[in-house]
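These notes concern the structure reproduced below.
The values are calculated or read from the model by the stated rules, or taken from the named source; none is laboratory data. Not measured: the values here are computed from a predicted model. So basically every Cβ, Gly included, is an ideal-geometry build from the backbone, and we count neighbours across all protein chains shown.
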Amino acid sequence: MSEKGDKLREAAMLADQEEELQEQQKEVLEDMKRAAEEYYTMDEYDIAKELSKRTGKNLTEVRKELNVYPNKYVIQEHTIPDLVKQMRVYRRELKGDDRTKMSKSIDNLIDAYSDHLQKCIDEIYWIRKYEVPLRDMNINEDKLSKLNSIKDGSTRQQIVDTLCKYWEAKLDLVPYDENYSTMHKQMSTSKKEFGKILKGIKEDTVKSKIENHIIKMVCNEPGIGARQLHDSLDEKHKRRSSPQIISKMVKELGITNVNGSYYKFDDEIKKNIWAYTAAFLDSDGYITMDKNNNPRVGLIATGERGKAFIQEMHKSIGIGRPHLDQKSPQDTRPVNRLNFYSQEDVKKLLLHVKPHLRLKKQQADTLLELIRIKQNHKKAEWAKPRMDELFKLMKWYNHSDNTNYDWDKYGVDIDSIGKLEENNKMNMMDNLENITKGEEE
C-alpha cells in the first residue's frame, strides 16, 4: 500500500512539474510576443533576427514561437458560423424544452467561438494592442487568419494606421457636435480602407511562402546558396522542400545565379534604380568619348559579386551590353562591365541618371550635347569643330585632377576651357529645331 502511495505521489509531483513547465513556457512565449510588439513595422524575419540577438535563442526557434496560432475551428468540416446557422434553422422546428436546449447549445457554441476568436487576436502579437477598433471591423476567423498571414512590415503599418484613424475618429465622435458628420465619415472611410487592404491579401500557398522567403533572404544576404536557404526555412516548409527544389524555384524567380550563389536587387533599389545607377556611375563607372567622337559609358565591377551586380543591373534597366569575366590588366579578379555604345542607350541612361549625379554631371551634359549634334545637326558647318571642342572638354572633366596629364597630346589648352564651355550649342539647337518644327507645321 505504501509503495503504491509513493508511486501516486511521484506521479502527482511529475504532473505538477509538467504543468509548471508548461506555464513557464507560456510566460516565455508571452514575453517574446510582448517584445515583438515594438517592432511591428519591421518584416517578421527581421523581427525574429532582432529577438534572436536579444534572447540568445536560435533563429528558427524564435520564428516558430512567433508563428504560434490556433487551428481553424471546425466541427465535421463545418465552420462555426455555418453550424450556428444550421442549428438556428433546425430550432424553428422544435418546441418546448427541446427548443430551449437547442438555444442553450447555440449560445454555448457562440461563446466557445468568441473565446477562440479572442485567442486568435491574442496570438497576432503586432495587432492585439488595437483590439478595440479591430472588433469594430466585423472580424471573423477568415479575416484574422489573413491578418496573421501578413509578414511584411509595410502592410502591417498600413493596417495599424487605418485602425488608429478609425479609433481616433470614434473617440472624437460626440452626438450633435458640429464635427459629428466629419468623424463619422472618417470612421466609414477607415473601415472601407481596412476591408480593401484585407481583400488584397491572398492566402499564401506553401510554394508562395517559400518563394517569398527565398526573395527576402537573397536580398538580405547576397551570395546565399540553396542549402543555406533550405536550412533557414521553418520546419513545416523545410519538410515540403529541398535544396534541389529551391534551386528550381530560384531559376523560376529570375534570381541571378553565380556559381551556386544567389543575388537579387531588393524592391527599394528597383524603386530608385536610376539614383542607384547614378551613384555607381559616379563611383565605379565612366562617361567619356573616343577619338572618333563616339559616346561611351560603362559600369565596372570585379569578382563574383560584381558579376552578379552587372547581371542584375542589366535586367533592371534593360539597356546596355554586359561583358563578363574579362581578364584584368593586373591579372587579379575578373572584371565585369556593363557598357553602353549606341547613342539611344547612352541618351536614355544619361537623361535618367543626370538628376542624381554628383561627380560626373558635366561629363553627362557633354555627351548629351554631342549626341544631339550627331542626331540632328551632323551636317552643319559648326558641328565638327564643336564635337572636337567637346572631346577636349571631356578630357578636361575626366583628368583635371591629374597634375601630370599630357594635355598637349590631345591639343587641350587648359586656359581656354572656359571659352569652350561658353560655346555650348544647346540653346542654338533649341532655336534651330523650333524653327524647323514651325516650318513643318
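For this structure, a couple of remarks:
- Yes/no for Val412 being assigned to a helix (DSSP H, G or I), β-branched (Val, Ile, Thr) and assigned by TED's automatic domain parsing to the domain that holds Asn431: no
- Any hit, the range 67-76, residues being outside the structural domain of Glu221 (by TED's automatic domain parsing), over 30 Å from Asn212 (Cβ atoms) and at pLDDT 75 or above: yes
- Taking the range 192-246 as the range and being surrounded by fewer than 19 Cβ atoms within 10 Å (Cβ to Cβ), among the polar types (S, T, N, Q) and in a helix (DSSP H, G or I) as the test, the residues that pass are Ser208, Asn212, Asn220, Gln228, Gln244.
- Residues of the range 363-397 satisfying the condition of being charged (D, E, K, R) and within 14 Å of Met428 (Cβ to Cβ): Glu369, Arg372, Glu381, Arg386, Glu389
- Condition broken by Ile300, with the remaining ones in (1) in contact with a Gly (Cβ under 8 Å, 6 or more places away or on another chain); (2) loosely packed, with under 14 Cβ neighbours inside 10 Å; (3) not hydroxyl-bearing (Ser, Thr, Tyr) satisfied: (2)
- Against the conditions (1) touching a residue at least 60 places away in the same chain (Cβ under 8 Å); (2) of a type outside the set (Asp, Glu); (3) under 21 Å from Met42 (Cα atoms), Gly223 satisfies every one except (3).
- Test: Lys251 is closer than 30 Å to Ile371 by Cβ and either of a type in the set (Asp, Glu) or part of a helix (DSSP H, G or I) (or both): no
- Taking first residues from the range 119-137 that are acidic (Asp, Glu) and partners that are assigned to a helix (DSSP H, G or I), the Cβ contacts under 8 Å between residues at least 6 apart in sequence or on separate chains come to Asp122/Arg128; Glu123/Lys33; Glu123/Asn148; Glu131/Ile121; Asp136/Tyr166; Asp136/Lys170; Asp136/Lys191.
- Once the range 30-45 is narrowed to residues that are surrounded by 14 or more Cβ atoms within 10 Å (Cβ to Cβ) and part of a helix (DSSP H, G or I), the residue that is modelled with the lowest pLDDT is Met32.
- Within the range 388-416, the set of residues being of a type in the set (A, V, I, L, M, F, W, C) and surrounded by 16 or more Cβ atoms within 10 Å (Cβ to Cβ) comprises Leu390, Phe391, Leu393, Met394, Trp396, Val412.
- Screening Gln326 with (1) among the polar types (S, T, N, Q); (2) surrounded by 16 or more Cβ atoms within 10 Å (Cβ to Cβ); (3) under 22 Å from Ser261 (Cα atoms) gives one miss only, at (2).
- Residues satisfying the stated conditions in the range 57-106, i.e. in contact (Cβ under 8 Å) with a residue 24 or more places away in the chain, hydroxyl-bearing (Ser, Thr, Tyr) and not in a loop (DSSP other than H, G, I, E, B): Thr60, Thr79
- Residue identified as of a type in the set (Asp, Glu) and modelled with pLDDT of 70 or more among Glu18, Glu23, Glu10, Glu27: Glu10
- Matching residues in the range 367-387 - criterion: being among the charged types (D, E, K, R) and either in a loop (DSSP other than H, G, I, E, B) or surrounded by fewer than 17 Cβ atoms within 10 Å (Cβ to Cβ) (or both): Lys374, Lys378, Lys379, Glu381, Lys384
- Where a residue in the range 237-255 is over 18 Å from Gly223 (Cα atoms) and touching a residue at least 24 places away in the same chain (Cβ under 8 Å) and its partner, wherever it lies, is part of a helix (DSSP H, G or I) and of a type outside the set (Lys, Arg), with Cβ under 7 Å and at least six apart: His237/Val206; His237/Ile210; Arg240/Val206; Ser241/Ile210; Ser241/His230
- Qualifying residue in the range 389-402 (condition: in contact with a strand residue (DSSP E or B) (Cβ under 9 Å, 6 or more places away or on another chain), in a helix (DSSP H, G or I) and free of Cβ contacts under 8 Å to residues at least 60 places away in the same chain): yes
- Residues of the range 204-215 that are among the charged types (D, E, K, R) and modelled with pLDDT of 85 or more: Glu211 alone.
- Enumeration of residues in the range 168-191 that are surrounded by 14 or more Cβ atoms within 10 Å (Cβ to Cβ) and assigned to a loop (DSSP other than H, G, I, E, B): Asp172, Leu173
- Selected residue (only one of Asp172, Asp177, Asp152 is among the acidic types (Asp, Glu), in the same structural domain as Lys129 (by TED's automatic domain parsing) and within 30 Å of Leu229 (Cα to Cα)): Asp152
- Any hit, the range 270-282, residues being of a type in the set (D, E, K, R) and touching a helix residue (DSSP H, G or I) at 6+ places or on another chain (Cβ under 8 Å): yes
- Within the range 300-327, the set of residues being assigned to a strand (DSSP E or B) and within 25 Å of the chain's Cα centre (by Cα) comprises just one member, Ala301.
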